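Let me begin by presenting the structure, written as structure tokens, before commenting on it.
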Amino acid sequence: MVTESGYRHGLHDNDLSTIKLICDELVSNIWRHAYGGGSGAIEFGVEFAEDICLLRFADDGPAFDPTAMHRPDTGAPIADRPIGGLGVFFVQEYADQFEYKRRDGQNVVEVRIRISRDGG
């Protein structure tokens with residue numbers, strides 16, 4: 001869905017790779033944390049404006065704000081780092097805006113990414 005839509009909108013391959021990475025990380029986190037690795041609904045939407053891609057994710061899991069997570073210490077030796085936490089870090093690094101809301105019993109995350117449309 002994301003790949004086809006991105007190509008239809010003339011996105012650059014680098015932007016499309018970033019969008020796919022963010023989608024993969026956030027859907028994985030929802031599946032793992034909101035639903036404990038079991039089944040549950042994930043609502044997803046993607047919109048393209050002139051130079052922005054808006055990604056929207058919603059789930060029915062317990063309230064959880066990924067934007068409030070502490071950034072991992074990427075300078076620490078790997079053996080000293082806790083497992084996990086890098087996915088949200090990647091989203092924070094690549095997104096121009098990363099927002100969370102609890103709305104109508106759902107976790108709603110919106111991510112905005114600047115895009116180019118040279119199709120390369």
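Read the figures in this text as sums done on the coordinates, not as results from a lab. Keep in mind the model is a prediction, meaning the values are calculated, not measured. Neighbour counts run over all protein chains shown; Cβ positions are idealised from the backbone, glycine included.
Evaluating residue 39 against the criteria (1) within 14 Å of the chain's Cα centre (by Cα); (2) farther than 13 Å from residue 112 by Cα; (3) exposed (fewer than 14 other Cβ atoms within 10 Å of the Cβ) leaves one unmet condition, (1). So for segment 100-112 (the condition being of a type in the set (Lys, Arg), within 19 Å of the chain's Cα centre (by Cα) and within 25 Å of residue 11 (Cβ to Cβ)), does at least one residue qualify? Within segment 100-112, one or more residues are of a type in the set (Lys, Arg), within 19 Å of the chain's Cα centre (by Cα) and within 25 Å of residue 11 (Cβ to Cβ). Restricting 37, 61, 87, 75 to residues that are in contact (Cβ under 8 Å) with a residue 40 or more places away in the chain and assigned to a loop (DSSP other than H, G, I, E, B) narrows the list to 61. Of all residues in segment 1-21, how many are assigned to a helix (DSSP H, G or I) and surrounded by fewer than 17 Cβ atoms within 10 Å (Cβ to Cβ)? Qualifying residue count, segment 1-21: 10. Of all residues in segment 86-96, none satisfies being touching a strand residue (DSSP E or B) at 6+ places or on another chain (Cβ under 8 Å), more than 20 Å from residue 115 (Cβ to Cβ) and not β-branched (Val, Ile, Thr).
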